[in-house]
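As structure tokens, the structure follows; a few thoughts come after it.
Since every read-out is calculated from the coordinates, none of them should be taken as a lab result. Because the structure is a prediction, the values reported are computed rather than measured. Cβ atoms come from the backbone with ideal geometry, glycine included; neighbour counts cover every protein chain shown.
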Amino acid sequence: MNICVASYNTRGLRVGHSDTDKSRRVVVDKLMERCDILCVQETFLAKQELDGLNSLHSNFHGAGESTTDLSAKVVRGRIPGGVATLWNKKYDQLVSVIRLGVDWAIGIELCCNDRKIIILNVYMPYECIFNEDEYLSRLAFIMSFIQDNSSTCIYVLGDMNADITDANSSFGNHLLQFCTDSGLILSSKVLLPNDSYTYISEAWHSTSWLDHCLCTVDAHDSIEIMKIEYDLATTDHIPFFVVLNTGTIPVLLPVDNGIDVEKINWSKISKQDLNRYVDHSDALLANIEVPNDALLCRDMNCKNVQHCKALCSLYEAIVESLSISSRPLYKPRKNLCIAKPGWKEYVEELHVEARNAFKKWAESGKSRHGPLFETKKSTNARFKCALRYIKRNENIMRSDSLAWKLQNNNVNDFWKEIKTINNCKISLPSNIDGVSGPDEISQLWRKHYCELLNCVKSNLFVVDNVEYNDDVVITSSEIHEAILKLRDNKACGPDHITAEHLKLASKKLCPLVAMCYTGFFVHGELPDSMLSVELVPVIKDKVGKLNSSDNYRPIALASVMSKVLETVVLCRLERYVLSTDNQFGFKRKHGTDLCIFALKEILDRYNKQNSTMFLCFIDASKAFDRVNHQKLFLKLIKSGVPGFLIRILVYWYSHQTMRVKWGRVTTAPFKVTNGVRQGGILSPFLFNVYMNDLSMILNACGTGCRVGDSLINHLMYADDLVIFSPYSAGIQQLLRLCTQYGVDFDIKYNPKKSKIMTIRSRDDKHSHFPDFYLSGTVLDVCTDITYLGHIIANDLSDDKDIYRQRRKLYVQANMLCRKFSMCSVPVKISLFRTYCTPLYTAYLWCRYKQDSIRKLTVAYNDSMRLLLRVPRDSSASHMFVSAGVPTCAAVLRNLMFRFMGRVSESKNDLIAVLANPRRSSVRFSSRLWNHWCTCLYVRH
């Protein structure tokens, strides 16, 4: 089915039926003859006139928003703004109006043949410097609406007041940057000629392209025709049409598809039930038959098959004991209702009375007269009255619930409820890459992951003649500490055992598990059930293409018992293997910000010395999934890791199986011969080991940046690698080393995503530099790049990163305002502190225009005003003091001070070289350190 949608800025919509009114809306009448849905902006209608939209045309109904209520004040002059959406009456059963609570946007949802689309009609402020913050705030509002909506097919049409044909248009640049950041497609720019225009200035007779259509990827793919109707240009604005083919829109499955039917809600279990679980597990664990011969065996090369079988049986008995003990705690999901605020206080007791009265009445023969019938009627009426009450007051009760939890320091329940409100589940599509049906799609995923995780050829690795080591023995306290590190309320593996099963079980559990795992270390084998992993594909970007397999990433659900063993193994591996200080990923007291700090300090130092710097940001495709197991184990042997640890890892990786779960369908298992499982406890450490030799090779090559007594030419954060050198020949040498390492160790680089950046000195502003190659492909040169979430520009300015943070603030504030507007002020303040004050890497800004930081401060203040519903012209200082929230400047100073402490205390040698005056003079000449001192210390 094709649907024609039109957008037009009317500059005043007449809803009357006089000849004058009809003559003034001739374009609107023509549009309604041609289209199915019409979005109009600048209607200039008051709220009292919006009902006239339903009588505007005999075949159309409509809904709108107005900026003015005539009953509230005396209006002088014309009514500004206003939007309205009209649709053909034949779609009445399919259309639902979406009110967004603002006067500049309105949406409709159209459901047709299991397909759902949303059309958002917006009117943005005209371009001037005073409207810039409001413009960014409205863009952020649109983004928060899209993120908050379960639909993945959304069209945003209207007068954007952004001329994308003018490079000097700040609003045009904001709109283009918004589309880039959000992943939306500016369909009008993609589908229409570059010389298009939708506005003719009556004063200057110039043209501008102000009206646009933004879409998610699925929505964009459904557009068959887009056309600007120049023949209807009777005023300054020109309408445009969009023809949608709803047949190409993905069909979505139910939202709850694939959710487990049964799940234990450990937070709702009473103390009495928990005590029963402890007692039951204690009894079952005490009755487990312990295989003494297998547990007492200390022959590291034991070949007794019965020992291995006995140990596996012991493991299965432990898991089964926990499972049986917890069965009384399970509640069928189908019998659970969605708990609404106020249910327990106002409804639950009346619901029980109504059910009991109904049962007695039904058992007596369902007579229509008598006391049982009257009791049934009265109890049912009271129940329904209470139910209507909590529905009407749901927002108030939810607000009171959050406020009570915050006031009573019930932190866990508070954030759990916040997460529930904040959650937006995405439905599964009915087809992926053209394949339809749950069974067929699950087989498609199985084939996809089976090929990916078996794409690297490696020989079978065998570990013989293992020697005994004191680390073989695992103590009960180690198991206890490993269990405490597990995170609560997480998805379980195939055995349906969660972290809470282990944490709340009998004290007999830890000694049994310790003996069992010690036996595994001695014999070098593990049970098959421990090595079974479920892969669940989840969507990466909801505004992307929902039917494309490239838009999904797998979540690996492993056994909780295997995570305990991973933690124990990791503690032992860390004693033997150390990665270079160039690697910042997955290390204690390290982080992305320290890595960015090191890079910026090196670049700043060489820039001050008037030296050109060459950088390459290297992207590796599926780096974790392409790890060669054989070569990984050889690296562990080279590092001096004991044989029993390598043997258990060899068995683990050679015998692990994976199966894909799509909705309620689970595929047959398949073997895995390469890759380390993303999300695993051991995986980041093993990946660092795998990449450590590359770091050592780069350090030994002799080219790079000399800082103090150290030579630095690269930084790594897991698989994010940046190499740099003050010489063009040096950067190419580093690229050759990376290319060769990729060939030797099956690392596949992506030259299209890898970028070169040149930070030129004053003398090299117009110099020509050669092309740089990675894996035989010429790399593109960029002027700025997002590295670990921070924008680095080739002029080293921080204005673009401040702009990024500014946009993010508006998005966060609008998201909070949309979802938590009903909450009390203390709750809103707590949410603001959590979501808006952690300004990521803001403490690394030192090169910026004062106007950039001023605009960030305005965004910070406006975000607080928006959330608390404070007028925009009110005092920001008074607002922050009253709320007990730090100002933007105070937040920045606090972040600087805390980060300075982290830098000073860091044990990383590279950070010490850059920050410790005993190692180098970088700190004294650093622009960043000077900026910190200026902001934090008072100079007399």
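Values for this structure:
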{"item": "Cut-off 12 Å between beta-carbons: net charge of the residues surrounding LYS755, Lys and Arg +1, Asp and Glu -1", "result": "-1"}
{"item": "Charge dipole (debye, nearest 20) of the chain; +1 at Cβ of Lys and Arg, -1 at Cβ of Asp and Glu", "result": "2120 debye"}
{"item": "Those aspartates and glutamates that a straight Cα-Cα span of less than 19 Å connects to LYS447, excepting residues fewer than 8 apart in one chain", "result": "ASP433, ASP439, GLU534, ASP550, ASP625"}
{"item": "Spatial extent of the stretch 586-673: Rg and Dmax, with the Cα atoms as the point set, Å", "result": "21.0, 62"}
{"item": "Listed residue (PRO669, GLY519, GLY434) projecting farthest to the positive dipole end of the stretch 429-796, Cβ model", "result": "GLY434"}
{"item": "Cα pair distances of the stretch 6-98 binned at 10 Å [whole percent]", "result": "17, 51, 27, 5"}
{"item": "Amide H partners (placed H, <5 Å) of THR68, local residues excluded", "result": "LYS47"}
{"item": "Using θ = phi - 60° and Karplus 6.51 cos²θ - 1.76 cosθ + 1.60, couplings along the stretch 834-844 (whole Hz; Gly, Pro as x)", "result": "6, 9, 10, 8, x, 7, 4, 6, 5, 6, 9"}
{"item": "For ASN431, distant residues with modelled amide H under 5 Å away", "result": "VAL251"}
{"item": "Dipole-positive endmost among SER188, CYS153, MET143 within the stretch 101-216 (Cβ charges, Cα centre)", "result": "CYS153"}
{"item": "Using distinct alpha-carbon pairs, which all enter the 1/r mean, Kirkwood radius of the chain in Å", "result": "32.4 Å"}
{"item": "Net charge, ASP181 excluded, C-beta distance under 10 Å - Lys, Arg +1, Asp, Glu -1", "result": "+3"}
{"item": "Over the chain: helical MRE at 222 nm, DSSP H runs n ≥ 4 each giving -39500 (n - 2.57), nearest 500", "result": "-13000 deg cm²/dmol"}
{"item": "Potential extension, SER877-HIS766 segment - 0.36 nm per residue separation minus Cα distance", "result": "35.2 nm"}
{"item": "Cα radius of gyration and Dmax for the stretch 2-248 (Å)", "result": "17.0, 50"}
{"item": "Residues with amide H under 5 Å from that of ILE228, placed H, sequence gap 5 or more", "result": "PHE241"}
{"item": "Selected from HIS766, VAL28, LEU56, residue furthest toward positive end of dipole (the chain; charges at beta carbon)", "result": "LEU56"}
{"item": "Reciprocal mean inverse distance between Cα atoms of the stretch 429-796 - Kirkwood radius, Å", "result": "22.7 Å"}
{"item": "Net charge over other residues, Cβ less than 15 angstrom from the Cβ of TYR606 (K, R count +1; D, E count -1)", "result": "+3"}
{"item": "Derived scalar couplings ³J(HN,Hα) [the stretch 119-125; Karplus, 6.51 cos²θ - 1.76 cosθ + 1.60; whole Hz; x for Gly, Pro]", "result": "10, 10, 9, 10, 10, 9, x"}
{"item": "Spatially proximal aspartates and glutamates relative to LYS508 (Cα-Cα < 15 Å; intrachain offsets below 8 disregarded)", "result": "ASP279, ASP282, GLU289, GLU320, GLU478, GLU481"}
{"item": "Derived scalar couplings ³J(HN,Hα) [the stretch 743-749; Karplus, 6.51 cos²θ - 1.76 cosθ + 1.60; whole Hz; x for Gly, Pro]", "result": "5, 6, 10, 6, 8, 9, 7"}
